[in-house]
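Below: the structure, in structure tokens.
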Amino acid sequence: MPAKWVRVFEERRPGVAVELVDCPAADVARRLRAGLVDAALARPDVGDVDGLSVIRLYDEVPVAVVPKDHVFTAVDEVAAADLAGEQYLLPDDDVLGWTGNPGTVIEHRPETTAAAVELVAAGLGVLVVPMSLARLHHRRDLTYRPLADGPAASVGLLWVAAAGDAPTPELVEEFIGVVRGRRPGSSRGQSEPAPKRSAKEKAAARRASLEASGKVPPRPAKGGKSSGRSQPSKGRRRTGR
């Protein structure tokens with residue numbers, strides 16, 4: 001989805017490039033408030049969002065990350081109850097906040113999800129994360145299965161809320177419109193749509209197009225004389241009507 005939104009934005013705003021940068025979940029709010037980024041695709045349920053505007057976009061499917069020889073690989077999806085007999089890894093940067101997991105949480109908490117994935121590969125336990133993180137930290141010796149009744153992880157678009165004399169920048173408004181699926185010119189801050197033409201202007205444009213294609217004779221110049229009958233162009237046969 002981010003790639004699609006960026007492509008649409010750049011089509012609407014030629015010459016304006018969008019740079020996507022990775023950002024730790026816990027640092028999103030600080031970077032927004034400091035003006036280091038204009039907007040962020042993040043999980044609004046993680047961290048402080050005071051002073052930020054949020055559009056909730058979708059919920060990510062949680063998955064259980066396991067070694068390829070794990071028993072979970074025999075099924076297409078697992079249930080939360082299936083984790084009851086598993087050692088459960090809970091990294092410090094956990095974004096799910098799942099307090100009711102039935103697994104036995106390992107006392108050692110890795111600092112990052114990436115480090116937790118390494119421990120899964122070492123056979124220390126199971127890790128439950130949103131599917132995007134499982135894909136981001138993919139390893140050939142690991143796989144994952146959707147967790148049917150696990151906690152969903154919301155994803156949203158965040159930006160600094162407008163306040164007083166500091167409105168939301170025009171380009172940010174444009175990107176918000178793209179994410180919301182608005183058409184060009186239908187939201188605040190977007191480039192102005194082309195003015196609507198009157199019926200007379202539309203008829204004149206159509207006449208000019210027909211004349212250019214030779215389907216109708218050109219009109220005489222204003223103030224000129226007309227014989228009342230058009231003359232065929234050289235080499236073109238005239239047909240009666």
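Below is a table of values for the structure above.
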quantity	calculated
Solvent exposure, largest accessible area first (probe 1.4 Å, DNA, RNA and ligands not counted), of THR112, THR143	THR112, THR143
Cα gyration tensor category, rounded, prolate or oblate, for the range 1-148 with a/c compared to 1.5	prolate
Net charge, GLY97 excluded, C-beta distance under 13 Å - Lys, Arg +1, Asp, Glu -1	-3
Summed residue charge, Cβ within 12 Å of THR143's Cβ, Lys/Arg positive, Asp/Glu negative	+2
Cα centroid separation, the range 127-182 to the range 91-108 (Å)	21
Loop-located trypsin sites (Lys or Arg not before Pro) in the range 129-169 whose Cβ has at most 14 other Cβ within 10 Å (DSSP)	ARG139, ARG140
Sum of side-chain charges, ALA79 neighbourhood, beta-carbon under 13 Å (Lys, Arg +1; Asp, Glu -1)	-4
Residues of the range 75-161: accessible area per residue with a 1.4 Å probe, Å²	49
Within the accessible area of the range 5-95 (1.4 Å probe), percent carbon and sulfur	49
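The values are calculated or read from the model by the stated rules, or taken from the named source; none is laboratory data. The model shown is predicted, which means the values in this text are computed figures rather than measured ones. Backbone-built Cβ (ideal geometry, glycine too); neighbour counts: all protein chains shown. Keep in mind that these areas ignore ligands, DNA and RNA; they rest on the heavy atoms of the full protein, side chains included. Shrake-Rupley method; radii C 1.70, N 1.55, O 1.52, S 1.80 Å.
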